[in-house]
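*Asks:* Here you go, one structure.
The values are calculated or read from the model by the stated rules, or taken from the named source; none is laboratory data. Computed from a prediction, not measured in an experiment: that's the story for all the values here. Neighbour counts are summed over all protein chains in view; Cβ atoms, including those assigned to glycine, are modelled from backbone coordinates with ideal geometry. In case anyone asks, the SASA skips ligands and DNA or RNA and just uses the protein heavy atoms, side chains included. Shrake-Rupley method; radii C 1.70, N 1.55, O 1.52, S 1.80 Å.
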Amino acid sequence: MSGDDGTNRLGAYLRARRELITPERAGIPAGANRRVKGLRREEVALLAGISPDYYLRLERGRDKNPSPQVLEALARVLELDDVEREYLLGLSTARPRARPRRRPPERVPARLHHLLAAIDVPAFIEGRSFDVLASNPLAVALSPRLRPGENRLRSLLLDPEERAFHQDWEAATAGFVAAFRKSIGDQTADARIVELVGELSLASERFRRLWARHDVSELEGGSITVHHPVVGTLRLNRDKLPAGEVILVLYYPEQGTESAEKLRILASLTTDSTV
């Protein structure tokens, strides 16, 4: 996979994470002539209580099945949170890399289309690779990039309008890329994922830098602030609800807020335009 070592994902993850831990954070004197970015391999090994030779074998892919105790120690040294720790533990038992294959097309059940039509806030159905599979008119009115056929990750990184739309584009891109890595897990042989990562690696320097960090996180509930070209700034809650093999995504304001009024105006404009 472009921008990722698909044959040694455990080693690539360990290397990327140790490069993010400064000696100062780890309580190690940096020294005047230090040339290594982050921690040295032997420093990680020392802090984790394992031999430098064994840690080297882990990074180079010579040992892909360390014990849970070793991984827990490494997670502590690398300051991984619960999501990152779970991801690390999963890498040691990941299946061998397979030939890229394309999964069957994702389908949106009729009941979800009916649900989208009944919801009075921006809502859409998202696939495993952040493809927009279906959406209601208010979602498209909020952002044309939420129409079916778009890909949320590609739009966010490659569409200039997305940079203007998100109040904090840097945080949004970091969160989406980390959530994408978490969502695909060990499904790196999926042809759709190979295609998307390859495209973004070639077209987006921002994606290349974020992908190289190997960040993983959940992208579930929360709030976002966006700038709509017609109604202005909106602060919206975001919820992602599993619906079988796809995800229902909802954007909605707090009741009685200025954003709620603006969303009502946007909904009325959308209704008027379809009459």
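*Asks:* Taking amide H atoms as placed 1.01 Å from N in the peptide plane, list the residues 5 or more away in sequence, or in a different chain, whose amide H sits under 5 Å from that of H228.
*Replies:* Residues meeting the amide H criterion: T233, L234.
*Asks:* For R264 and A171, FRET efficiency with R0 = 30 Å and r from the beta-carbon atoms, rounded to 0.05?
*Replies:* Values: r = 27 Å, r/R0 = 0.92.
Efficiency for this residue pair is about 0.65.
*Asks:* Sorted by mean Cβ packing within 10 Å, highest first, what order do the peptides 225-231, 41-47 take?
*Replies:* Most protected by this proxy first, the peptides run 41-47, 225-231.
*Asks:* For L78, enumerate residues with amide H under 5 Å from its amide H, sequence gap 5+ or separate chain, H modeled in the peptide plane.
*Replies:* none
*Asks:* For the chain, set up a GNM with springs between Cα atoms under 10 Å and report which of P242, P104, P253 has the largest fluctuation.
*Replies:* Of the options given, P104 has the highest mean-square fluctuation.
*Asks:* Further question on the same structure: Can you compute the label reach from R238? Point 7 Å from Cα along the Cβ direction, backbone N cut-off under 12 Å, restricted to the stretch 106-142.
*Replies:* none
*Asks:* Just the Cα atoms of the chain, one point each, no solvent: what log10 I(q)/I(0) does Debye give at q = 0.10, 0.11, 0.12, 0.14 Å⁻¹?
*Replies:* After summing over all Cα pairs, the log10 values are -0.61, -0.72, -0.83, -1.03.
*Asks:* Give the residues of the stretch 130-164 whose amide nitrogen is closer than 14 Å to a point set 7 Å from the Cα of V230 in the direction of its Cβ.
*Replies:* 137-145
*Asks:* Going 7 Å from the Cα of L56 along its beta-carbon direction, which residues of the stretch 15-49 have the amide nitrogen within less than 11 Å of the resulting point?
*Replies:* Counting only backbone N, you get 41-42.
*Asks:* Quick one: among T257, T233, T173, which has the greatest mean-square fluctuation in a GNM of the chain with alpha-carbon springs under 10 angstrom?
*Replies:* Result for the chain, Cα springs under 10 Å: T257 fluctuates most.
*Asks:* Mind ordering 132-139, 201-208, 15-22 by average Cβ neighbours within 10 Å, highest first? Write out the running numbers ahead of the final one.
*Replies:* On the way: 132-139: 21.0, 201-208: 15.8, 15-22: 17.9.
Most protected by this proxy first, the peptides run 132-139, 15-22, 201-208.
*Asks:* In addition: For the chain, what does the accessible surface come to per residue with a 1.4 Å probe? Please give it in Å². Display every interim value, and only then the final one.
*Replies:* Numbers: 13990 Å² over 275 residues.
It amounts to 51 Å² per residue over the chain.
*Asks:* Further question on the same structure: Can you give me the orientation-averaged projected area of the convex hull built on the Cα atoms of the stretch 183-239, in nm²? Walk me through the numbers on the way to the answer.
*Replies:* Numbers: hull surface 23.0 nm².
Projected over every direction and averaged, the Cα hull of the stretch 183-239 covers 5.7 nm².
*Asks:* Once phi is turned into ³J(HN,Hα) by the Karplus curve 6.51 cos²θ - 1.76 cosθ + 1.60 with θ = phi - 60°, what whole-Hz value does each residue of the stretch 224-233 show in order, with x for glycine and proline?
*Replies:* Working through the residues one at a time gives 9, 10, 10, 10, 8, x, 9, 9, x, 6 Hz.
*Asks:* Whose amide H sits under 5 Å from the amide H of S135, counting only residues 5 or more places off or on another chain, with H placed in the peptide plane?
*Replies:* Amide H neighbours of S135: I125.
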